[in-house]
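The values are calculated or read from the model by the stated rules, or taken from the named source; none is laboratory data. These numbers were taken from a predicted model, which means no experiment stands behind them. All Cβ positions, even for glycine, are placed from backbone atoms using ideal geometry, and neighbour counts span all protein chains on display.
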Amino acid sequence: MFIYINLKKRERNSLVDKRFIARQNLKLLNDPKANYNVYSVGEYVQTKKLAKNHKTDPNFEGPFVISEMLDKNSYKLTDVQGK
């Protein structure tokens, strides 16, 4: 009886894990605001400005160089001159 219960618990846990992974994959496909670009150290990037004072102001700032990769899609940026 005890072995049967352990098997059922393992089956349930594997189903829960599979559901969680499937739910994450669906979220990745359907999330329009998600940015899943991966950059490496030394690449040039531009950042989007959050606020603009005038209609004709540029939408992006930069270029910046990625100097360090932090955790989970976070990066430390420096100017092209290294400031």
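Among (1) in the same structural domain as Gln81 (by TED's automatic domain parsing); (2) farther than 30 Å from Gln81 by Cβ, where does Arg23 come up short?
If we test Arg23 against (1) in the same structural domain as Gln81 (by TED's automatic domain parsing); (2) farther than 30 Å from Gln81 by Cβ, just (1) comes out false.
Return yes or no: is Lys27 assigned to a strand (DSSP E or B), surrounded by 10 or more Cβ atoms within 10 Å (Cβ to Cβ) and among the basic types (Lys, Arg)?
no
Right, Asn73: surrounded by 10 or more Cβ atoms within 10 Å (Cβ to Cβ), at pLDDT below 90, out of contact with any strand residue (DSSP E or B) (no Cβ under 6 Å at 6 or more places or on another chain) and among the polar types (S, T, N, Q) or not?
Yes.
Based on this model, can you work out whether Lys55 counts as without any contact (Cβ under 8 Å) to a residue 60 or more places away in the chain, over 16 Å from the mean Cα position of the chain (by Cα) and outside the structural domain of Leu77 (by TED's automatic domain parsing)?
no
Does Val41 satisfy the criteria of being under 20 Å from the mean Cα position of the chain (by Cα), surrounded by 10 or more Cβ atoms within 10 Å (Cβ to Cβ), outside any strand (DSSP E or B) and not acidic (Asp, Glu)?
yes
Answer yes or no: is there a residue in the stretch 49-57 that is loosely packed, with under 10 Cβ neighbours inside 10 Å, acidic (Asp, Glu) and at pLDDT 85 or above.
yes
Restrict the check to the stretch 3-11 and report whether at least one residue is at pLDDT 85 or above, part of a loop (DSSP other than H, G, I, E, B) and acidic (Asp, Glu).
no
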